[in-house]
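See below for the structure under consideration.
Each reported figure results from applying straightforward, stated rules to the coordinates on display, with no laboratory input. Quick caveat, the model's predicted, so the values are computed rather than measured. Cβ atoms come from the backbone with ideal geometry, glycine included; neighbour counts cover every protein chain shown.
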Amino acid sequence: MRLTQGTFSFLPDLTDAQIGAQVAYCLRNGWAVNLEFADDPHPRNTYWEMWGQPMFDLKDPAAVMYELAACRKVHGGRAYIRLSAFDATAGWESLRLSFITDRPAEEPGFGLERQEAGGRNIRYTARSYAANKPVGERY
Amino acid sequence: MNAEPQKPRSGRYDAGVMKYKDMGYFDLDYLPKDTDVLAVFRITPQDGVDAEEAAAAVAGESSTATWTVVWTDRLTASEKYRAKCYRVDPVPGADNQYFAYIAYDLDLFEENSIVNLSASVIGNVFGFKPLKALRLEDMRLPIAYVKTYAGPPTGIVVERERLDKFGRPLLGATVKPKLGLSGRNYGRVVYEALKGGLDFTKDDENINSQSFMHWRDRFLYCMEAVNRAQAMTGEIKGTYLNVSAGDMEQIYERAEFAKQLGSTIIMIDLVIGYSAIQSISRWCRRNDMILHLHRAGHSTYTRQKSHGVSFRVIAKWMRLAGVDHIHAGTVVGKLEGDPATTRGYYDICREAFNPQALQHGLFFDQDWGGLRRVMPVASGGIHAGQMHQLLHHLGEDCVLQFGGGTIGHPMGIAAGATANRVALEAMILARNEGRDYLAEGPAILAAAARGCTPLAQALEVWKDVTFNYTSTDSPDFVPSVSVA
């Protein structure tokens with residue numbers, strides 16, 4: 001399966017030039033750019049591991065691309081990497097863009113467990129097949 | 001407009017009838033206080049009725065006045081409780097229509113009650129005989145009054161965080177046909193649409209609990225579809241479960257069941273009434289539930305310019321009452337919506353402060369005092385081929401709902417959903433890259449369609465579909481260039 005979290009998951013994977021253009025857009029808006037990676041793609045896994053601190057006050061997308069390359073060296077092919085942009089404007093103070101830049105070589109997807117309960121209720125649990133394995137062996 | 005008194009009056013409180021203008025409801029020198037509630041009405045007086053007297057009558061009948069003098073006014077600080085018409089302007093380009101600006105003291109209103117606000121301002125006066133027609137165009141709600149409301153339980157920012165979706169409009173679809181599907185078949189539409197790439201599906205306004213599909217059945221099948229689609233995509237999905245019902249007890253019962261099933265969002269119709277909306281909003285706040293409002297019925301009083309209540313007023317009331325989503329027009333779709341007027345509605349929903357913008361129908365500055373933002377929803381006759389126009393007119397903080405434009409796709413519902421999602425992401429990508437996406441829109445879509453057959457088919461099927469009709473509700477003011 002293809003994990004469709006993030007702003008651009010229905011498009012072909014972005015090239016570095018395309019990623020750089022999105023970073024430039026974020027910097028033009030004064031947003032801080034952040035890189036994160038994860039080996040548990042569950043949609044409620046909010047806190048991916050941060051690759052360093054969010055990059056505030058950047059002027060040049062090249063710095064983000066440099067960090068992305070460094071992150072890929074360690075996690076490329078074995079985890080998801082996402083790039084997000086944070087807007088500190090009053091009343092927002094949240095992300096304004098978030099998209100996946102890198103995916104593991106294989107995406108085994110999720111199983112859905114159903115527990116039948118009274119009144120035809122069903123309790124649902126989605127489990128990532130990859131996350132059933134210990135950290136470090138997932139992808 | 002009232003008959004002249006039979007004999008000369010010696011004082012303001014002599015028994016009998018007086019002009020409203022002379023009773024204290026009209027004062028062109030009155031300077032509205034920052035704490036006043038302000039309203040602007042479009043009045044069309046009956047032939048022979050003086051515009052200023054008609055305006056004063058509106059102020060009187062929407063505050064303390066009755067048709068004759070009553071001595072019991074003297075038991076009150078009546079000067080304070082009288083609304084005051086402080087300005088009357090002819091409507092540009094219209095015959096015998098006037099904008100009447102009226103100020104109401106803050107103490108006329110109960111805190112946190114749209115029912116009280118609306119009963120005061122539109123409760124009685126719209127049937128007043130000396131007026132041919134009357135329309136409430138806009139209101140300025142002082143920040144002291146705004147702060148008596150809790151507002152949207154979730155708001156745009158927290159909704160995005162909860163759904164983990166940023167930087168693009170959300171995508172939805174209303175399940176069609178809106179009547180007749182069984183719960184099991186209904187859930188099939190939900191599953192296909194969500195799996196194909198939509199974020200939300202939606203019950204329609206009149207899907208409640210009819211004999212062909214009882215509400216529990218719908219909720220159960222819909223949540224199976226939502227959970228299955230989440231597992232297939234790894235993405236948060238939702239379906240607006242319409243909890244509108246004949247009484248508040250049933251509304252709560254349905255909302256509780258939606259919560260128990262793990263739904264992220266429920267839905268209500270505007271016709272359940274303002275008290276019911278405020279009640280369910282409070283429930284949503286307590287239960288971390290996103291609240292979608294379908295503006296069912298609004299066009300009966302918002303559409304015609306001469307009489308009724310403008311939708312911008314309804315949007316303001318609903319931001320106070322506390323809804324997270326509100327249908328606010330598409331501009332390009334099948335339902336009424338002039339671009340400039342619609343822009344005004346969207347600004348009311350989404351901005352922290354609205355400056356006066358007559359060209360968008362906003363007559364006053366409005367400070368929202370930190371009240372959360374409402375996500376406007378564009379629904380009705382839109383399709384993937386309009387993506388550049390939709391993004392241009394509506395921006396990225398909205399829900400684009402393609403009902404027919406998803407379910408009517410020749411390759412099926414999931415393909416329709418994929419077409420919409422690909423079109424949207426391609427347009428956002430291009431916009432962020434700094435391209436002139438409005439002018440290049442068709443080329444951007446065509447390029448995206450080369451890698452996406454469902455999009456290519458959607459563009460082909462709906463290529464010529466537009467709804468170019470003249471809007472009935474458009475602004476009365478157009479910006480003009482002047483040399484200072």
* To do: Taking amide H positions as placed in the peptide plane 1.01 Å from N, state which residues far from B:Val309 in sequence (5 or more) or on other chains have amide H under 5 Å from it.
  => B:Leu136, B:Thr302
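Normalise the Cα radius of gyration of chain A by 2.2 N^0.38 Å (N = residues in it) and let me know the number.
1.19
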* Please find the FRET efficiency linking A:Ala62 to B:Glu460, where r is the Cβ-Cβ separation and R0 is fixed at 60 Å, and quote it to the nearest 0.05. => 0.90
* **For peptides B:248-254, B:40-46, A:37-43, sequence by mean Cβ density within 10 Å, most packed first** => B:40-46, A:37-43, B:248-254
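Enter the mean number of other protein chain beta carbons within 10 Å of the beta carbon of each residue in B:150-161, as an integer.
Values: counts 0, 0, 0, 0, 0, 1, 3, 7, 1, 0, 5, 3.
Per residue, the average neighbour count from other chains is 2.
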* Under 5 Å, built H, 5+ apart or other chain: amide partners of B:Gly412 -> none
* By DSSP, what percent of the beta bridges with both residues in chain B are antiparallel, rounded to the nearest 5? -> 50
* Asked: Mind checking which of A:Asn34, A:Asn121, A:Asn45 has the largest fluctuation in a GNM of chain A, springs on alpha carbons under 10 Å?
  -> A:Asn121
* Structure fact -> Mean other chain Cβ within 10 Å across B:224-236 is 6
* Structure fact -> In whole percents, the bins of 10 Å from zero upward hold the Cα-Cα pairs of chain B as 4, 19, 27, 23, 15, 8, 3, 1, 0
* Take peptide A:7-17, look around each residue's Cβ out to 10 angstrom, count Cβ atoms belonging to other protein chains, and average those counts. => 5
* To do: Mind counting lysine pairs for me in segment B:155-462? Cα separation below 12 Å, and the two need to be 8 or more apart along the chain or on different chains.
  => 5
* To do: Using packing as a proxy for protection, rank B:380-388, B:450-458 so that the peptide with the highest average count of other Cβ atoms within 10 Å comes first.
  => B:380-388, B:450-458
* Enumerate by residue number the chymotrypsin sites (Phe, Trp or Tyr not before Pro) in segment B:43-128 meeting two conditions: DSSP loop (anything except H, G, I, E, B), and at most 15 other Cβ atoms within 10 Å of the site's Cβ. => B:Trp67
* Would you mind ranking B:Val226, B:Val17 so that the residue whose beta carbon has the fewest other beta carbons within 10 Å leads the list? => B:Val17, B:Val226
* Taking the Cα centre of the protein assembly as shown as origin, sum charge times position over the Cβ atoms of Lys and Arg (+1) and Asp and Glu (-1), and report the length of that vector in debye to the nearest 20. => 1240
* Asked: What is the distance in Å between the Cα centres of segment B:414-453 and segment A:1-34?
  -> 15
* What lysines sit close enough to B:Lys19 to cross-link, taking a C-alpha to C-alpha distance under 18 Å and skipping anything fewer than 8 places away on the same chain? -> B:Lys7, B:Lys84, B:Lys129
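What share of the DSSP beta bridges in the protein assembly as shown is antiparallel, in percent to the nearest 5?
So the antiparallel bridges amount to about 65 percent of the total.
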* To do: Before anything else, pin down the relative contact order of chain B: Cα pairs under 8 Å, at least 6 apart, normalised by residue count, whole percent.
  => 15
* Structure fact -> Of all DSSP beta bridges having both residues in segment A:63-139, the percent classed as antiparallel (nearest 5) is 100
* Angle between chain A longest axis and helix A:61-75 axis [Cα atoms, degrees, rounded to 10] -> 40
* Structure fact -> Nearest 10, in degrees from 0 to 90: the angle of helix B:437-450 to the longest Cα principal axis of chain B is 20
* On a 0 to 90° scale, report how tilted helix B:215-233 is relative to the longest principal axis of chain B, with both axes built from alpha carbons and the result rounded to the nearest 10. => 50
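Give the shape of the protein assembly as shown as rounded, prolate or oblate, defined through the alpha-carbon gyration tensor: a ≥ b ≥ c are the square roots of its eigenvalues, a/c under 1.5 means rounded, and otherwise the shape is prolate if a/b is larger than b/c and oblate if not.
prolate
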* To do: Please report, in debye to the nearest 20, how large the charge dipole of segment B:25-146 is about its Cα centre when each Lys and Arg carries +1 at its beta carbon and each Asp and Glu carries -1 there.
  => 200
* To do: Could you sort B:208-221, B:266-279, B:419-432 so that the peptide with the highest average Cβ count within 10 Å comes first and the rest follow in order?
  => B:419-432, B:266-279, B:208-221
